[in-house]
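See structure below.
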Amino acid sequence: MSSRKKSRLQWFRMDLHLHTPASSDYQEPHLSYLDILRKAELRGVDIIAFTDHNTVGGYAAMLRDVERLTYLQGLGRAQPDEVKRLSEYRRLLDKILVLPGFEFTATFGFHVLGIFSPQTPIRHLEHILLSLNVPAHVLDEGSSEVGASSDVLTAYQMIDEAGGICIAAHANSSHGVAMKGFDFGGQTRIAYTQDRHLHALEVTDLGRRSRDTTERFFNGTKSGYTRRMRCIQGSDAHRLNSITDKSGKHVQYGVGDRVTEVLLAERSFEALREMFLGTDYSRTRPYSASLQPVDYIQTAREEGATLVQAFHESMTRHGGRLYAIIADVCAFANTNGGTIYVGVGTDPKKAPVGLTNPQEGIGQLQHEISRAITPKLDVEIDVQETQGKAIIRLQVPSGDERPYAIEDNKIYVRDEAETSLAVRDEIVSLVQQGLHIQQRAVEPAPAPVPIPPARPAQTPAPRLEPARPHSVAAPTGGVEIIDTEDRDGERYFTMRDLRNGNIVKNVTRSSARRLWHYAIKQAEGNAVRPDRVQWNADIGLWQKYQKNGETRYDLVQRADGKVRVYYGVTEAGMQGEWQQFLSPDDGE
């Protein structure tokens, strides 16, 4: 159990994706490195990284310039303008943390950022690039074209194990591992975005309030994408100043035009990497000079209770409120992990209640979690503030020793916004998950997945999986009845929970939890009639209904000669082509 005081931390602005004249496609090749540093200072950026294409030539050139000027000054041979330049370098490098890095072009043209400590020797970084099959001449040219380089999983592992920060560059757009419309299999996409060596996704839609943002997709609630990914933004600047169109929209970004704020104990690479390796996602936020800092707790309230977050206005023993919090802790540990806010409700229009003595509350929660939950679970608890009110935040990890239980025999799991006691098949699944996690922890790391050599990055990439007819993936929310069986006058159902992928057998109408009960009731009393479905090709909308002010959808899909029905799908579970059936007033 741990609690952390935030008073020692402060916000810094960072732009970890800057090109320099060392990139062959840089648009202002005659600029000096001082020009870039001055621009970063002007934009108020505290931390930057030089990430040229497949080279560390830009950072190395800056170091050589500083070393040469220092050497001349030491000999007493520096000219007045050289003394002035060295003084300016020292002033700016004292004010701005400049990190070495590169933007590696992996197999199939995907781009990966590697950011390193200033103490890392240039030769070591060049060795990493050479080991990733970057041709030696590209180290001098700074080209994004590298031919048959290594795959992204190998790049992630090498960057991480070398002590670097590994970021998928512009992940949701061109050359990004999560870009839409790229024809490769779901399992490959999951591997490329959920790998343990990948520390963050750089995205171009950070801070937008729409239903299909990249950050929202990777928030830990989607089936298959259970590892929440930190999302940041960077300028990807190939010039000093931005270019905008007539409407003022950026066509190309300049230095410091897309900045992320980070909450650190100090402005250092070590503090930055520690933050990226952690799970406190409130320590990064998009920065805009024209906007107020994001109140991430209020943003969470607007999203409401989900698979990975819960809200409690109080924590009194009376009425079972304290127990409800502990049950949520147990459920999150058995599922995807999550965040619990105490002292604030889910209604974003209602002022937070707050807590009068949050430090005392932290002590009580630590004691109850330590006493009630087995095995031992390390939950980070701290005090946060929203709208002038102090609240408690609990950050619960996805547990490694499942199943976790309260008082040895009460095992809870999380389903969307609900915490429920696990049924028999879920407990069996939790035991299997725990054994798998522990086995994986003691086994040596597997070799990167072998992938066939790619064509050059500019050539359309081949499929990573065998070609097959186009099929829309099932929603990532709701439940599906996959089998029924009558035994001694009782009907038993086998349910597939699309929220977590679990298959649960022996469910009866009387034993089913809420959403399962709804699905069984609909299947028995309001069976789908294909002639009344709102079809679009092989997917369709059967009906929609309201639950607790939220619209839910019963969806259908024709596959393998059958009609599959997905009951109670929320807006968050409708991705890709399913979004065509959303009501206009859902989401932003």
Against the condition touching a residue at least 60 places away in the same chain (Cβ under 8 Å), over 24 Å from ARG38 (Cα atoms) and part of a helix (DSSP H, G or I), how does THR193 come out, does it pass? no
In region 572-586, residue modelled with the lowest pLDDT [restricted to those that are assigned to a loop (DSSP other than H, G, I, E, B) and over 20 Å from the mean Cα position of the chain (by Cα)]: ASP586
Pairs with Cβ under 7 Å, 6+ apart, first in region 329-353 and free of Cβ contacts under 8 Å to residues at least 60 places away in the same chain, second among the aromatic types (Phe, Trp, Tyr): TYR341/PHE311; VAL344/PHE311; GLY345/PHE311; THR346/PHE311
Quick test of your reading of the structure: THR419 fulfils all but one of (1) touching a strand residue (DSSP E or B) at 6+ places or on another chain (Cβ under 8 Å); (2) surrounded by 11 or more Cβ atoms within 10 Å (Cβ to Cβ); (3) outside the structural domain of TYR404 (by TED's automatic domain parsing); (4) at pLDDT 85 or above. Name the failing condition by number. (3)
Of the listed residues (ALA333, ALA390), the one being surrounded by 15 or more Cβ atoms within 10 Å (Cβ to Cβ), assigned to a strand (DSSP E or B) and in contact with a Pro (Cβ under 9 Å, 6 or more places away or on another chain) is ALA390
Single unsatisfied condition, GLY568 versus (1) outside any loop (DSSP other than H, G, I, E, B); (2) within 33 Å of the chain's Cα centre (by Cα); (3) at negative phi: (3)
Mind checking whether some residue in region 148-163 is of a type outside the set (Val, Ile, Thr) and under 13 Å from the mean Cα position of the chain (by Cα)? no
Selection status of ALA467, modelled with pLDDT under 70 and in a loop (DSSP other than H, G, I, E, B): yes
The number of residues in region 303-319 that are assigned to a helix (DSSP H, G or I) and either exposed (fewer than 13 other Cβ atoms within 10 Å of the Cβ) or touching a Gly at 6+ places or on another chain (Cβ under 9 Å) (or both) is 2
Which residues, taken from region 487-502, are of a type in the set (A, V, I, L, M) and at pLDDT 90 or above? MET495
Of all residues making up region 134-156, the number that are assigned to a loop (DSSP other than H, G, I, E, B), more than 20 Å from ILE167 (Cβ to Cβ) and touching a residue at least 40 places away in the same chain (Cβ under 8 Å): 4
Has region 122-133 got any residue that is crowded, with 21+ Cβ neighbours inside 10 Å, within 24 Å of PHE276 (Cα to Cα) and in contact (Cβ under 8 Å) with a residue 60 or more places away in the chain? yes
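Let's see how each residue does on (1) closer than 22 Å to LEU130 by Cβ; (2) loosely packed, with under 15 Cβ neighbours inside 10 Å:
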{"residue": "LEU18", "(1), (2)": "no, no"}
{"residue": "HIS30", "(1), (2)": "no, yes"}
{"residue": "VAL45", "(1), (2)": "no, no"}
{"residue": "ASP52", "(1), (2)": "yes, no"}
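Tell me, which residue of region 42-83 that is touching a residue at least 24 places away in the same chain (Cβ under 8 Å) and of a type in the set (Ser, Thr, Tyr) is farthest from SER242 (Cα to Cα)?
Residues of region 42-83 touching a residue at least 24 places away in the same chain (Cβ under 8 Å): 42-63, 65-66.
Filter once more, keeping what is of a type in the set (Ser, Thr, Tyr): 51, 55, 59.
Working: THR51: 18, THR55: 24, TYR59: 22 Å.
For region 42-83, the residue satisfying everything is THR55.
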Evaluation of ILE427 against (1) assigned to a helix (DSSP H, G or I); (2) at pLDDT 90 or above; (3) in contact with a strand residue (DSSP E or B) (Cβ under 8 Å, 6 or more places away or on another chain) (one fails), failing number: (3)
In region 67-79, how many residues are under 26 Å from PHE50 (Cα atoms) and surrounded by 17 or more Cβ atoms within 10 Å (Cβ to Cβ)? 1
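The values are calculated or read from the model by the stated rules, or taken from the named source; none is laboratory data. Keep in mind the model is a prediction, meaning the values are calculated, not measured. When we count neighbours, we look across all protein chains shown, and the Cβ atoms used for this are built from the backbone with ideal geometry, even at glycine.
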